[in-house]
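Participant: Got a structure for you, written out below as structure tokens; questions coming shortly.
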Amino acid sequence: MRARKIIIDTDPGQDDAVAILLALASAELDVLGITTVAGNVPLPLTSKNARVVCELAGREDVRVFAGCDRPMARKLVTAEYVHGKSGLDGIALPDPTMPLAEGHAVDFLIETLREEAPGTVTLCPIGPLTNVATAFLRAPDIVPRVAEIVLMGGAYFEVGNVTPAAEFNIYVDPEAADIVFKSGVPIVVMPLDVTHKALTTRARVEAFRALGTPVGHAVASWTDFFERFDMAKYGSEGAPLHDPCVIAYLLEPDLFTGRHVNVEIEVKGELTLGMTVADWWRVTGRPANAMFMGGIDAGGFYALLTERLARL
Ligand code: RIB
Ligand code: CA
């Protein structure tokens, strides 16, 4: 079976790093490239961190393209308070030696979608949607060529994590999210409603460490660091590994349950800016545009993740 072609658009971030490792460990996926965006930390750091992760996986061959350094229409909001100053706090890994690929991430998205056969490339945004929306605006012809968008972002029943109404990826660039959700491309959404059910536990983190590999040690160290914020905020036993849910869906979609509904983005609200307004009970009559996930087999997710990381 031919590997599924994907492009990961990312703002590493420890959870992004685990998602990238999961993708690189899985032969079912052909990572055509990684595009970086400003989000958890500024663009120079997300672009450095993506290469750190590729080298940790022994995949210096993967092309990493730097993208947009700020949202389309707003000031950048970052999340060092969660991810640390480097964006990958928890373990000190060597600076990357692999260079950034030539060219802007938006141009890579446009050129790749024009070159690859229509309906064969899946976009996996796991940060703010600035690069994807900018590509769609600049080259509308690529929109119908996208097979599917599987993204981490949004929240409905779980409410927001950066404001009471909004999740970080959407909140950072709500205008970009609005463009993507209105694009007509089939979308699968991994919101906080799902990721907050994929919590780390001591046993799950120790299972990473017990792999006894540099990857296992890094993932356990990142998770130890990353989870302190959520545990303090929510009083939970562990932290949600948000972004790997996107890649796990590509590998084992049956781990997830959701509903195909209308999802629109609040771009004007003072209190609700960046909210993903999911019409879960279908009361608006607005056409469904997204598979909005709500449930996850957390045990199955961590079993898949641990088994795949062992391959690196
Ligand atoms: O709200 C969680 C999302 O914001 C994740 O993608 C995390 O990496 C941050 O980007
Ligand atoms: Ca992210």
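The values are calculated or read from the model by the stated rules, or taken from the named source; none is laboratory data. Here the structure is a predicted model, which is why all the values come from computation and not from measurement. Positions of Cβ are backbone-derived with ideal geometry, glycine not excepted, and every protein chain shown enters the neighbour counts. Please note that ligands, DNA and RNA were not included when accessible areas were found on the heavy atoms of the full protein model with its side chains. Shrake-Rupley method; radii C 1.70, N 1.55, O 1.52, S 1.80 Å.
Here's the yes/no breakdown for (1) more than 22 Å from residue 69 (Cα to Cα); (2) more than 16 Å from ligand 2 (Cβ to nearest atom):
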{"position": "91", "(1), (2)": "yes, yes"}
{"position": "96", "(1), (2)": "no, yes"}
{"position": "110", "(1), (2)": "no, yes"}
{"position": "122", "(1), (2)": "yes, yes"}
{"position": "125", "(1), (2)": "no, no"}
{"position": "132", "(1), (2)": "no, no"}
{"position": "138", "(1), (2)": "no, yes"}
{"position": "157", "(1), (2)": "yes, yes"}
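Participant: Here's something else I'd like to know. Show the residue pairs meeting these rules: Cβ distance below 8 Å; 6+ apart or different chains; first residue within segment 63-77 and over 15 Å from residue 34 (Cα atoms); second residue of a type in the set (Ser, Thr, Tyr) and open to solvent by less than 70 Å² (accessible area, probe 1.4 Å).
Facilitator: Close Cβ pairs (under 8 Å, with a partner that is of a type in the set (Ser, Thr, Tyr) and open to solvent by less than 70 Å² (accessible area, probe 1.4 Å)) amount to 70/130; 71/130; 72/130; 72/134; 77/171.
Participant: Within segment 9-24, identify whether any single residue is within 11 Å of residue 65 (Cα to Cα) and at pLDDT 95 or above, and answer yes or no. Quick ask: steps written out before the conclusion?
Facilitator: First, pick out the residues of segment 9-24 that are within 11 Å of residue 65 (Cα to Cα): 9-10.
Among the residues that remain, those that are also at pLDDT 95 or above are: 9-10.
Taking every residue of segment 9-24 in turn, at least one turns out to be within 11 Å of residue 65 (Cα to Cα) and at pLDDT 95 or above.
Participant: Shifting gears a bit: Would you pick out the residues in segment 57-90 that are more than 30 Å from residue 163 (Cβ to Cβ) and open to solvent by 40 Å² or more (accessible area, probe 1.4 Å)? Don't jump to the end; show me each part of the working.
Facilitator: Start the filter on segment 57-90 by keeping residues that are more than 30 Å from residue 163 (Cβ to Cβ), which leaves 57-65.
Passing the criteria: 58, 59, 60, 61, 63.
Participant: Inspect all residues belonging to segment 198-216 and state whether any of them is free of Cβ contacts under 8 Å to residues at least 24 places away in the same chain, more than 27 Å from residue 279 (Cβ to Cβ) and surrounded by 15 or more Cβ atoms within 10 Å (Cβ to Cβ). Before you say what the answer is, go through the steps one by one.
Facilitator: Pass one, segment 198-216, residues free of Cβ contacts under 8 Å to residues at least 24 places away in the same chain: 203, 206, 209-210, 212.
Then drop every residue that is not more than 27 Å from residue 279 (Cβ to Cβ), which leaves 203, 206, 209-210, 212.
Narrowing further to those that are surrounded by 15 or more Cβ atoms within 10 Å (Cβ to Cβ): 209.
Yes, segment 198-216 has at least one match.
Participant: Then there's this: Where in segment 37-131 are there helices (runs of 4 or more DSSP H), lying wholly inside it, with at least 3 residues that are modelled with pLDDT of 95 or more?
Facilitator: Details: elements: 43-56, 80-83, 105-115.
Filter on segment 37-131 gives 43-56, 105-115.
Participant: Does at least one position in segment 10-18 carry a residue that is closer than 25 Å to residue 308 by Cβ and open to solvent by 10 Å² or more (accessible area, probe 1.4 Å)? Explain how you work it out, then say what you get.
Facilitator: First, the residues of segment 10-18 that are closer than 25 Å to residue 308 by Cβ: 10-18.
If we keep only those that are open to solvent by 10 Å² or more (accessible area, probe 1.4 Å) as well, we get none.
No, because not a single residue in segment 10-18 is closer than 25 Å to residue 308 by Cβ and open to solvent by 10 Å² or more (accessible area, probe 1.4 Å).
Participant: Also, quick follow-up: Looking at segment 25-39, I want the residues that are within 11 Å of residue 130 (Cα to Cα) and in contact (Cβ under 8 Å) with a residue 40 or more places away in the chain and have a partner that is open to solvent by 10 Å² or more (accessible area, probe 1.4 Å) and within 16 Å of ligand 1 (Cβ to nearest atom) with Cβ atoms under 6 Å, at least 6 apart or on another chain. Which pairs are those?
Facilitator: Partner pairs satisfying both residue conditions: 37/68; 38/69; 38/70; 38/76.
Participant: Further, regarding this structure: Residues of segment 25-38 being more than 10 Å from ligand 1 (Cβ to nearest atom) and touching a helix residue (DSSP H, G or I) at 6+ places or on another chain (Cβ under 7 Å), which ones? Break it down into steps so the answer makes sense when it comes.
Facilitator: Our first condition is that a residue be more than 10 Å from ligand 1 (Cβ to nearest atom); within segment 25-38, this holds for 25-36, 38.
25, 26, 28, 29, 31, 32, 33, 34, 35, 36, 38, listed by residue number.
Participant: What's the number of the condition residue 177 fails, among (1) in contact with a helix residue (DSSP H, G or I) (Cβ under 9 Å, 6 or more places away or on another chain); (2) surrounded by fewer than 22 Cβ atoms within 10 Å (Cβ to Cβ)?
Facilitator: Failed condition: (2).
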